[in-house]
Every structure is written in structure tokens, then in C-alpha cells.
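Engineer: My structure is below; once you've seen it, I'll send some questions.
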Amino acid sequence: MNQDILIKNASIINEGRSVVGDVRISNGRIQKIGTLEPEGEVRVIDATGKVLLPGIIDAQVHFRDPGLTHKADLYTESKAAVVGGVTSFIDMPNTVPNTLSLERLQEKFDIAAGKSLANYSFFLGVNGDNIDEVLAMDTSQLIGVSDDGLYFTKKGNLLADSPEKMEKLFANCKSIIAIHSEKEEIVEANEEAFREKYGEDLPAKFHPLIRSERGCFEATERAIAIAEKHKARLHILHLTTEAETHLFRNDIPLQEKNITTEVSVHHLWFSDRDYERLGMRIKWNPAIKTEADRKGLLKSLLEDKIDLITTDHAPHTLEEKQQTYFKSMSGAPMVQHSLNCMLEFYKQGLISLEKLVEKMCHNPAILYDMTHRGYIREGYYADLVLVDLDSPWTVAKDNILYKCGWSPLEGTLFQTQVTHTFVNGNLIYDSGTFHEQAYGLPIAFGSKSK
Ligand SMILES: O=C1C[C@@H](C(=O)O)NC(=O)N1
């Protein structure tokens, strides 16, 4: 059983407010919030001058386990997550074999139970081939279904290319459908045109012209139209263009939205100005686009058209990345640094801490209907992060925890540092030291589990 802990004098950022106070953790839960004295056997942590946030919930990661564990696995990436303040994650289905059945889904939960330091859940994969099987399942029992990263051929997802299949899925699926929204026929036509003109060895800066704004916009527009027709629960993953943001509403609360979206940290952080410097290291699908898109995404996030922030943490080895354009794998690791990136925006006056917590903690919990997570509330799991807002450090090879051993952020100076991360009341990370005393838990969700 974990020891009682009293966090004293923290600036608690929660539910739109910042309040200095104390939090007592007992039996894995937040027992009390207020002005508290250390009663009984309790470890006291002085948090004077630090901020206390709910643990970050990253609702889109690729931890590669099983099947691609030369890139990453549930232990290494969850450890990187915890040091970055991420206490819960939802993993995508493009592991090997793909997570296309309940058996495969269960297999991932079983692996995580003995390996993940953070709390976990997994999307069931849906693609053009298994819609009937998915619809035969009780999808209300799933946290969500997703097509993200399910590459059949060398191409991207199939669903955004197949309106008939989307109709069927959206008309009948009872859970959230989280889609990767790019029209593959547009991407393919662009690939052909660029290949013809420039050959195989394209510079990375052509990536946003190939995986273009039009490809994203038309796919998102179509997905929304079909979802509206069937009143489906559609979530568009990792939005990348300013144009698409206008397709989303901000006049109703998240709890009432049927159509939601997110932005990934790298699309807020990088823009086409960075391709020259970083090349294939920042080749992602969908692509990092223009500086105007980057700014537009941040604006829409603040205006609540975009509901949450994720990382789409997608590690590949440097060898897999440093190839010619068509061979270089898309994706890069981000989960260890997402909170630091967003706190850098806070330091620059671009986002408040309260808004950051809303988008990285509260809203993922609301969207996926998580039970007793995402808030600093009495009775909730003690998933908590203490941050020193004035503790500069630089991302370098020797402080990167990803199994792939690199980051597109190497050399970046961050002003803030996570000092303590609690997962279910266990102090897993404490000022540079790990206490791997417990694994994370499967994330409970839905009103039945409350
Ligand atoms: O959707 C995706 C999948 C991901 C991966 O590598 O799994 N990489 C990407 O760039 N986008």
C-alpha cells in the first residue's frame, strides 16, 4: 500500500482557478484539499513556489508494443511520459499485429499491466476491412475506435478515402470514432507529380505540399458531413490547418459536442520554417504546415474550437528517419516534452496555465468519459504533477528517455521542469530519481464504472 503524502503550499491549477493550498494523498486517491497539517504517518513534500497540475492525459500515442519494440515499448515510453508529467495515455492500433480484434486489444492490456508506469487504454483499430466485425462488437464497451496509422499498403488510412465505408461505420458505431483525416487520393496524386518533377530525393520541405491542406480539408469536411448525418461521435485526430479549424464549433460545451478535435504539440511548435534545419526529423503525417497554420491552430485552441492537446508520440529510429523522402518514416517522439513545450508558450504569455490544464487534463477525461481522472478533486485518483516554472534545462541525448534515443527538440532550452510525478498516489518520479514501485492501471471510463 502506498504511503500517505502531504503536498504543502502548492499553487494548485485546476478547473479554471489557481489557488495556493495543500493536498493529502492516501490510498492512491486525493483524500483532502485545503489548508492541512501533517497528521499521522505522512511524508511531507514542500511545494512552495511550484505549481501542481492534474497529471497530463495524452489521448494519442504510438508506444509500438507489441511488434515494433525495436523503436519503443510500453515500459520505455511510459517512463518518458512520466518524467514529462504524463500520467495516462491512450495508445493507437498500429502495433504489430494491428489491434483489430478484442483478443488483440486484451493482449495489449495484459502487456501494459506488467510494463507501463502510467495509466493506459487502447483504441480498437478500425479499417476498411473489419467494419462488420467491429460493428458486431459491443462498441459502447470500448474507449474508442480509430484508423490512425493503419497503413495497409504504403498509403495512409483507408476510411477517409471511402465514404461508403464511413457511412456504415458512422451509422452504427456506439463509441467515439477517432480518425486520421487526410484524403489519400490527393496525397497520391501529389506524390506522383513531385516524383515526376524532382525524382526520389525530395527535400523534407515538400512534405506539406504533398500531404497538403486540400487533402486534410476535404477529408475533414467529408467526415464531419457524414457524422452529422448519422449523429455519430466523431473525433478528428491531430488537426494541422487553419482552414479546418473553421469546421468546428465553440458555441457549445465539450460535453454536448458530437464532433470534436485535437491538436498535437508538434503542430503548435514547429512550422514549415523548421524543415530546412530539421529535415526528415519533423516529417509527420499529417504534415507540419505553414507558420500561419501553426498560429491559427493556437488561436483556435484558445477559442475552444480545438478541444484537446495530444502528442501523437510516434517514435522511429533515426536510421528509419534519415532516408530519402519516400523511404523516411513519418512520426517522431514527443511525449516526454509536451508539457514543457506548452509551458514555454505559457512563459511567452501565449496560453494561461488554466487553459493548458483544461486542454491537457480535463478535456481528455471529459471526451473519453474517464472515471475519476483529469482533475484535482477529493476522491479522484492522485495523478499529479509538480512543476518548477523557473528551472531551465536543455534537451540533449543524455536526458532523453525514449528507446529510439533522439528527439526533434534536441538543443531546445526549456524554462520549466517537472520535479515530481504521482501516478495513482505513487511518487514514481522525484527530482531525477525513479521509484518504480507500481505499474499504472487500465483507465476506467463510462458511467457504468463510476
Ligand atoms: O498517423 C501517423 C502514424 C504515425 C506512426 O508512425 O505510427 N506517424 C505519423 O506521422 N502519423
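The values are calculated or read from the model by the stated rules, or taken from the named source; none is laboratory data. Since this is a predicted model, take the numbers as computed values, not measurements. Reconstructed Cβ throughout: ideal geometry from the backbone, glycine too, with neighbour counts over all protein chains shown. Surface areas here come from the heavy atoms of the whole protein model, side chains and all, with no ligands, DNA or RNA. Shrake-Rupley method; radii C 1.70, N 1.55, O 1.52, S 1.80 Å.
Engineer: Can you tell me which residues in the range 297-324 are over 26 Å from residue 73 (Cα atoms) and either assigned to a helix (DSSP H, G or I) or open to solvent by less than 30 Å² (accessible area, probe 1.4 Å) (or both)?
Structural biologist: Matches in the range 297-324: 297, 298, 299, 300, 301, 302, 306, 307.
Engineer: Let me ask you something else. Condition first: in the same structural domain as residue 274 (by TED's automatic domain parsing), over 22 Å from residue 263 (Cβ atoms) and charged (D, E, K, R). Can you find one or more residues in the range 205-218 that meet it?
Structural biologist: Going through the range 205-218, the residues in the same structural domain as residue 274 (by TED's automatic domain parsing) turn out to be 205-218.
Now drop any that are not over 22 Å from residue 263 (Cβ atoms), which leaves 206.
Then keep just the ones that are charged (D, E, K, R); that gives none.
Among the residues of the range 205-218, not one is in the same structural domain as residue 274 (by TED's automatic domain parsing), over 22 Å from residue 263 (Cβ atoms) and charged (D, E, K, R), which makes the answer no.
Engineer: Let me ask you something else. Which of the following residues is in contact (Cβ under 8 Å) with a residue 12 or more places away in the chain, closer than 15 Å to residue 384 by Cα and either outside the structural domain of residue 150 (by TED's automatic domain parsing) or open to solvent by less than 10 Å² (accessible area, probe 1.4 Å) (or both): 41, 15?
Structural biologist: 15
Engineer: Every residue in the range 281-296 that is open to solvent by less than 30 Å² (accessible area, probe 1.4 Å) and of a type outside the set (Asp, Glu), please.
Structural biologist: Of everything in the range 281-296, those that are open to solvent by less than 30 Å² (accessible area, probe 1.4 Å) and of a type outside the set (Asp, Glu) turn out to be 282, 283, 284, 285, 286, 287, 288, 289, 296.
For every residue, the table says whether it meets (1) open to solvent by 10 Å² or more (accessible area, probe 1.4 Å); (2) at pLDDT 95 or above; (3) not assigned by TED's automatic domain parsing to the domain that holds residue 343.
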{"residue": "406", "(1), (2), (3)": "no, yes, yes"}
{"residue": "417", "(1), (2), (3)": "yes, yes, yes"}
{"residue": "421", "(1), (2), (3)": "no, yes, yes"}
{"residue": "428", "(1), (2), (3)": "no, yes, yes"}
{"residue": "431", "(1), (2), (3)": "yes, yes, yes"}
{"residue": "437", "(1), (2), (3)": "yes, no, yes"}
{"residue": "444", "(1), (2), (3)": "yes, yes, yes"}
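Engineer: Here is a check on your reading of the model: is residue 330 more than 19 Å from the chain's Cα centre (by Cα) and polar (S, T, N, Q)?
Structural biologist: no
Engineer: What pairs come up if the first residue lies in the range 179-191 and is touching a residue at least 12 places away in the same chain (Cβ under 8 Å), the second is among the basic types (Lys, Arg) and more than 16 Å from the ligand (Cβ to nearest atom), and their beta carbons are under 7 Å apart, counting only those six or more places apart or on different chains?
Structural biologist: Qualifying pairs under 7 Å: 186/214.
Engineer: Also, quick follow-up: Consider only pairs whose beta carbons are under 7 Å apart and that are at least six residues apart or on different chains; among these, list those whose first residue lies in the range 384-402 and is modelled with pLDDT of 95 or more and whose second residue is assigned to a helix (DSSP H, G or I) and of a type in the set (S, T, N, Q).
Structural biologist: That search, which allows pairs on different chains as well, returns 401/76; 402/76.
Engineer: Among 235, 230, which is in the same structural domain as residue 325 (by TED's automatic domain parsing), open to solvent by less than 20 Å² (accessible area, probe 1.4 Å) and farther than 25 Å from residue 205 by Cα?
Structural biologist: Exactly one residue qualifies, and that residue is 235.
Engineer: Pairs under 8 Å by beta carbon, first residue over 19 Å from residue 74 (Cβ atoms) in the range 122-150, partner of a type in the set (Asp, Glu) and open to solvent by less than 10 Å² (accessible area, probe 1.4 Å), six or more apart or different chains?
Structural biologist: Cβ pairs passing all conditions: 126/147; 127/147.
Engineer: Please verify whether residue 68 is within 30 Å of residue 186 (Cα to Cα) and either part of a helix (DSSP H, G or I) or open to solvent by less than 50 Å² (accessible area, probe 1.4 Å) (or both), treating the condition exactly as stated. First the steps, then the outcome.
Structural biologist: Numbers: within 30 Å of residue 186 (Cα to Cα): yes; either part of a helix (DSSP H, G or I) or open to solvent by less than 50 Å² (accessible area, probe 1.4 Å) (or both): yes.
For residue 68, the condition - within 30 Å of residue 186 (Cα to Cα) and either part of a helix (DSSP H, G or I) or open to solvent by less than 50 Å² (accessible area, probe 1.4 Å) (or both) - is met.
Condition check ((1) surrounded by 24 or more Cβ atoms within 10 Å (Cβ to Cβ); (2) at pLDDT below 90) across all residues:
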position: 159; (1), (2): yes, yes
position: 162; (1), (2): no, yes
position: 169; (1), (2): yes, no
position: 172; (1), (2): no, no
position: 182; (1), (2): yes, no
position: 188; (1), (2): no, no
position: 191; (1), (2): no, no
position: 194; (1), (2): no, no
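Engineer: Right, here's the next one. Answer yes if at least one residue in the range 75-91 is of a type in the set (Gly, Ala, Ser), farther than 24 Å from residue 261 by Cβ and touching a strand residue (DSSP E or B) at 6+ places or on another chain (Cβ under 8 Å), and no otherwise.
Structural biologist: Within the range 75-91 (the criterion being of a type in the set (Gly, Ala, Ser), farther than 24 Å from residue 261 by Cβ and touching a strand residue (DSSP E or B) at 6+ places or on another chain (Cβ under 8 Å)), the answer is yes, since at least one residue qualifies.
Engineer: Being over 21 Å from the mean Cα position of the chain (by Cα) and hydrophobic (A, V, I, L, M, F, W, C) is the filter; apply it to the range 34-69 and report the residue that is nearest to residue 284 (Cα to Cα).
Structural biologist: 51
Engineer: Output the residues belonging to the range 310-336 that are within 30 Å of residue 355 (Cα to Cα) and within 16 Å of the ligand (Cβ to nearest atom).
Structural biologist: Scanning the range 310-336 gives 310, 311, 312, 313, 314, 315, 330, 331, 332, 333, 334, 335.
Engineer: Which members of the range 227-286 meet the condition of being within 15 Å of the ligand (Cβ to nearest atom), part of a loop (DSSP other than H, G, I, E, B) and among the charged types (D, E, K, R)?
Structural biologist: 283 - this is the single residue of the range 227-286 that is within 15 Å of the ligand (Cβ to nearest atom), part of a loop (DSSP other than H, G, I, E, B) and among the charged types (D, E, K, R).
Engineer: Mind checking which residues of the range 340-363 are open to solvent by less than 20 Å² (accessible area, probe 1.4 Å) and farther than 17 Å from residue 84 by Cα?
Structural biologist: Once the filter is applied, which keeps residues that are open to solvent by less than 20 Å² (accessible area, probe 1.4 Å) and farther than 17 Å from residue 84 by Cα, the range 340-363 yields 351, 362, 363.
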